[in-house]
Protein chains: 2
Amino acid sequence: MPRSRDNQQHQAFRERILEVARQQMAQHGTAGLGLRAIARELDVTAPALYRYFPTHDDLITALVVEGFTGLAEAVEGAQQANIHLPLRDQLREVLLAYRQWAVDHPIDFQMIYGSPIPGYHAPSEITVPIVIRGFAVIVGLIDGLLQSGQIQRETVYHHIPEPTRQILHERIERDNYPVSDTAMYMGVVGWGQLHGIIMLELFGHLGPVVGNVDAYYRGQVESLLVAMGSDPP
Amino acid sequence: MPRSRDNQQHQAFRERILEVARQQMAQHGTAGLGLRAIARELDVTAPALYRYFPTHDDLITALVVEGFTGLAEAVEGAQQANIHLPLRDQLREVLLAYRQWAVDHPIDFQMIYGSPIPGYHAPSEITVPIVIRGFAVIVGLIDGLLQSGQIQRETVYHHIPEPTRQILHERIERDNYPVSDTAMYMGVVGWGQLHGIIMLELFGHLGPVVGNVDAYYRGQVESLLVAMGSDPP
DNA sequence: AGGTTTCGATAAACAGTGTTTATTAAAGTG
DNA sequence: CACTTTAATAAACACTGTTTATCGAAACCT
């Protein structure tokens, strides 16, 4: 551990490393993420970086945490930016922002939700809490729609498979997160559905099939809201 | 190019390489996919493999093609195994088989639909046709359900966003694939939705949230069928 | 201020990797 | 047999992440 006064410089250089790492990744993909390459860019030898990150994996973990945080902030920001709109519109904008962040930061998104670095797997005790942060916004909005009666039409998503309901309920109680089981369930369902579209898009499988992915995603978000029981606009 | 008589031996050893590669990958993940490691296992030096695969990427591409083919065969097999059941049940079983293959061959699935090998991206002119092969089974079943009036309830998935409909229609005509636009659209929608669940599961993000992924997926398949307009069982 | 500790950075080396080159041995064909 | 083609090799190249021992400089404490 560095001494208290040096801590500032230490953290500053740590930030620079992450900055360069992110930049290199954006340019050359996850393949370009090399200790030596980063060191070169910083006019420093490779072993020097070990003072800041004990191992290569720790660097990646730091980037993953940054990524998750960025996604969570984008989602939260989207809600704040549309806080004056009706809940349904807020939810739509939040879901659009979710994909938009993925499109704008494809590498980060892959690193978060996939594992493009061979042999590396993000420690879930670190990732799970941050995933939930962005997730909470979505579920919160759904819960709001349910409570205010803006989702009243009964749909398939009102019937939760029993084993799933139990786990979801436990999670809600454990995290002390005041939403209904149904809201949580709908959140997970929507999350999964949209996640599939985004992943397919990111790896180039969806574009050739549906052409304009932007329009397609927009349509799917709207369909999701309707499928949940919200009235079409 | 090897001579005509040697061709047999050449192809045989090529197969052995792929076999070992697949095995190594299953054991040590995509990280364990190394030319030298494969060569060691085959009691051969690394450069020898270059007679069979010009480069590392070509080996991977061969594995990807094998993977896609395996998935397509699993899907087709699932339909054949349930050909005596009603169309709706056939579709359910096919969709369950789709995930089951992913669970049984997680590495292959990641390699197919993601890109866990840094710097490598599967050439779409090779992958797209094989993706469609498995996809065709699903769309075919949906089309059958639509034509036989087993999907008659109007749902959101009957209304296709115009830009998407155009592209889908072009694909159908170009590939001379005799299904309706609606069947194609529902196929894509379902594919995307379930793909999200599978990807989240494979990377360990879904398990902690829903507990029993098996039951959850089953429920989602059923929900999907209902959401498409098929009556609940 | 002086002595000691601590931190940052380094060069050198290790064990790997994918890939290229030149060379050798072994088959198949006329 | 001579000749060509193929397979495999050893050696080397340019990398990679990581460890070790070493050195200078700054920070702390007395």
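The values are calculated or read from the model by the stated rules, or taken from the named source; none is laboratory data. Given the structure is predicted, the values throughout are model-derived calculations rather than measurements. Glycine gets a Cβ as well: all are built from the backbone with ideal geometry, and neighbour counts include every protein chain shown. Surface accessibility is based on the protein's heavy atoms, side chains included, excluding ligands, DNA and RNA. Shrake-Rupley method; radii C 1.70, N 1.55, O 1.52, S 1.80 Å.
Of note:
- Residues that are open to solvent by 30 Å² or more (accessible area, probe 1.4 Å) and either within 16 Å of DNA strand C (Cβ to nearest atom) or of a type in the set (D, E, K, R) (or both) within the stretch B:49-87 comprise B:Tyr50, B:Arg51, B:Tyr52, B:Pro54, B:Thr55, B:His56, B:Asp57, B:Asp58, B:Glu66, B:Glu73, B:Glu76, listed in sequence order.
- Test result for B:Arg133, free of Cβ contacts under 8 Å to residues at least 40 places away in the same chain and basic (Lys, Arg): no
- Any hit, the stretch A:213-224, residues being surrounded by fewer than 22 Cβ atoms within 10 Å (Cβ to Cβ), more than 30 Å from A:Gln110 (Cα to Cα) and without any contact (Cβ under 8 Å) to a residue 40 or more places away in the chain: no
- For the stretch B:27-43, the tally of residues that are more than 10 Å from chain A (Cβ to nearest Cβ), assigned to a helix (DSSP H, G or I) and open to solvent by 80 Å² or more (accessible area, probe 1.4 Å) stands at 4.
- Taking the listed residues B:Gly192, B:Gly140, the one that is farther than 25 Å from A:Asp214 by Cα, open to solvent by less than 40 Å² (accessible area, probe 1.4 Å), of a type in the set (Gly, Ala, Ser) and modelled with pLDDT of 95 or more is B:Gly140, with no other qualifying.
- Restricting attention to the stretch B:83-120, the residues that are closer than 22 Å to B:Tyr216 by Cα and free of Cβ contacts under 8 Å to residues at least 24 places away in the same chain total 4.
- Only listed residue being farther than 28 Å from B:Leu224 by Cα and among the charged types (D, E, K, R), chosen from A:Glu125, A:Glu162: A:Glu125
- Note on the stretch B:143-170: residues that are under 20 Å from B:Ile83 (Cβ atoms) and open to solvent by 50 Å² or more (accessible area, probe 1.4 Å) amount to 3.
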